[in-house]
Amino acid sequence: AAKAAGRNTYQLFAQAMHAQNAERLDLEREMRNGVQAQQFVAYYQPKVNADGELLCCEALVRWQHPALGVLSPARFLPLAEETGLIVAIGRQVLLAACHDCLRWRQSGYPDMRVAVNVSSRQFSHDDLAATVQSCLDDSGLPPDALELEITESLLLDNLDAAIRLLQALRALGVKISLDDFGTGYSSLSYLQKLPIDTLKIDRSFIQHIDSRSSDAAITRAIITLAHGLGVRVVAEGVETAGQCAVLVEMQCDLMQGFWFSRPVPAQTLAAMLGQRLGGQCLLPEESAAE
Ligand code: C2E
Ligand code: MG
Ligand code: MG
Ligand code: MG
């Protein structure tokens, strides 16, 4: 009986594995078709300064799946990474971001900039610099309007090679941003070695910044350190007026999060240009008086 039960369990397990594999293969096939059919599109989330001015935005990929609707990266990025499809998807997002940003600049916002995420698979793909250059050429976007967001995980394998690639990218004129700072193996000595322009403080530090004094202390120290090294600071995941007020008081350069706007399609972002986002939390005197 025990043997039979074991066999049943095994059969159930095998069936589940089979179903999982089939699902994976379906997803992979759909993803390949989706790349051909240009179903991967860029949404954009504003980055604003202490006055609520929209100066930059981050491109965040979405899959407009014909049956399932708009899918977030969590649903498909892991498999896109694993299969290498992220290289093709990433190039489409990069090119779209360059085109969209140029359009915004030409519509009366000549200083508008765009940031695009680069994953480790794209980073280790040997012609990233050539891809970036060709997207700039195809679109006509000036290089200094483009920022690439990388994470510390890209630096683990071979720090020297990573630094060389970052230098090559910067030689094109694009800016480099270190994303999710504080989550990985952040060593402070990295900051000194890395050719970066901006550092993005991870959402996990921002979440409780107005209630947890340790998170506030760490954030304040990161901002001071970054500014001392000539690096600008962006806070990600700003969701409340309270968080925003603390960050403004700490002289954080740019802020990004649901408090200002969720990621939106390109046309929606175009309609937000020139607006002040975030409301009254941006006035430090008023928030101090509360
Ligand atoms: P990320 O680059 O750190 O992007 C920030 C993520 O936080 C985005 O999730 C964004 O929608 C979300 N977010 C923004 N503000 C808030 C907030 O106030 N509260 C909360 N709870 N979340 C907020 P999303 O769009 O799902 O992207 C997840 C990750 O997928 C990104 O993290 C990035 O690592 C990756 N990713 C997105 N687009 C691309 C892409 O085009 N290429 C590559 N290689 N990776 C991408
Ligand atoms: Mg990012
Ligand atoms: Mg981030
Ligand atoms: Mg993140």
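Under 20 Å between alpha carbons: how many lysine pairs meet that in the chain, if sequence neighbours fewer than 8 apart on the same chain are excluded?
4
Give the shape of region 8-53 as rounded, prolate or oblate, defined through the alpha-carbon gyration tensor: a ≥ b ≥ c are the square roots of its eigenvalues, a/c under 1.5 means rounded, and otherwise the shape is prolate if a/b is larger than b/c and oblate if not.
Oblate, since a/c reaches 1.5 and b/c is not below a/b.
With a sphere of radius 12 Å drawn around the Cβ of residue 111, what net charge do the other residues whose Cβ falls strictly inside it have (Lys, Arg +1; Asp, Glu -1)?
Combined, the nearby Lys, Arg, Asp and Glu give 0.
Please report the net charge: other residues with Cβ closer than 14 Å to the Cβ of residue 260, K and R +1, D and E -1. Walk me through the numbers before you get to the answer.
On the way: positive: 47, 203, 262, 276; negative: 51, 53, 58, 236, 239.
For residues surrounding residue 260, the net value is -1.
Per residue, how much accessible area does region 150-201 have with a 1.4 Å probe, in Å²?
For region 150-201, the per-residue accessible area is 44 Å².
Starting from the Cα gyration tensor of region 55-132, take the square roots of the eigenvalues, sort them a ≥ b ≥ c, and report rounded, prolate or oblate (rounded when a/c is under 1.5, otherwise prolate if a/b is larger than b/c, else oblate).
oblate
Tilt of helix 2-36 relative to the longest C-alpha principal axis of the chain, in degrees (0 to 90, nearest 10)?
In the chain, helix 2-36 runs at an angle near 50 degrees to the longest axis.
When DSSP assigns beta bridges and you keep just the ones with both residues in the chain, what percent turn out antiparallel, to the nearest 5?
Numbers: 15 of 37 bridges.
About 40 percent, rounded to the nearest 5.
Using the Karplus curve 6.51 cos²θ - 1.76 cosθ + 1.60 with θ = phi - 60°, work out ³J(HN,Hα) for each residue of region 80-93 in order, rounded to whole Hz, and write x for Gly and Pro.
5, 5, 4, 8, x, 5, 4, 5, 5, 4, x, 5, 5, 5
Can you give the Kirkwood hydrodynamic radius of the chain from its Cα pairs, in Å with one decimal? It would help to have the intermediate numbers written out before the result.
Working: mean 1/r = 0.0485 Å⁻¹.
After inverting the mean inverse Cα-Cα distance, the result is 20.6 Å.
Counting only chymotrypsin sites (Phe, Trp or Tyr not before Pro) that are in a DSSP loop and have at most 15 other C-beta atoms within 10 Å, tell me the longest site-free stretch of the chain.
Of all site-free stretches, the longest is 1-184.
Taking only DSSP H segments of four or more residues, each worth -39500 (n - 2.57), what value at 222 nm results for the chain once the sum is divided by all its residues, to the nearest 500 deg cm²/dmol?
So the helix-based figure for the chain works out to -15500 deg cm²/dmol.
Tell me, in nm to one decimal, what length is gained between residue 276 and residue 157 on full extension, where the rule is 0.36 nm per residue of separation less the Cα-Cα distance?
38.7 nm
Between residue 212 and residue 67, what is the label-to-label distance in nm when each label sits 7 Å out along the Cα-to-Cβ direction?
4.1 nm
How high is the relative contact order of the chain? Use alpha-carbon pairs under 8 Å, at least six apart in sequence, and give a whole percent.
That works out to 19 percent.
At a probe size of 1.4 Å, how large is the accessible area of residue 219, to the nearest 10 Å²?
Spelled out: residue 219, probe radius 1.4 Å, area about 0 Å².
Under a Cβ-Cβ cut-off of 11 Å, what is the net charge of the residues other than residue 239 that fall near it, where Lys and Arg count +1 and Asp and Glu count -1?
With Lys, Arg at +1 and Asp, Glu at -1, the net is 0.
If you roll a 1.4 Å probe over the chain with all protein chains in place, what percent of the accessible area is carbon or sulfur?
Numbers: 7490 of 14380 Å².
Roughly 52 percent of what the probe reaches on the chain is carbon or sulfur.
May I ask for the equivalent-ellipsoid semi-axes of region 119-236, computed as the square root of five times each C-alpha gyration tensor eigenvalue and listed largest first in whole Å?
Equivalent ellipsoid of region 119-236: 28, 15, 13 Å, largest first.
Excluding ligands, DNA and RNA, what is the solvent-accessible area per residue of region 7-110 at a probe of 1.4 Å, expressed in Å²?
Accessible area per residue: 54 Å².
The values are calculated or read from the model by the stated rules, or taken from the named source; none is laboratory data. Bear in mind that the values here come from a model prediction, so they are computed numbers and not experimental data. For neighbour counting, all protein chains shown are included, and Cβ atoms are generated from backbone atoms with ideal geometry for every residue, glycine included. Each accessible area value is taken on the protein alone, full model and side chains, heavy atoms only, with ligands, DNA and RNA left out. Shrake-Rupley method; radii C 1.70, N 1.55, O 1.52, S 1.80 Å.
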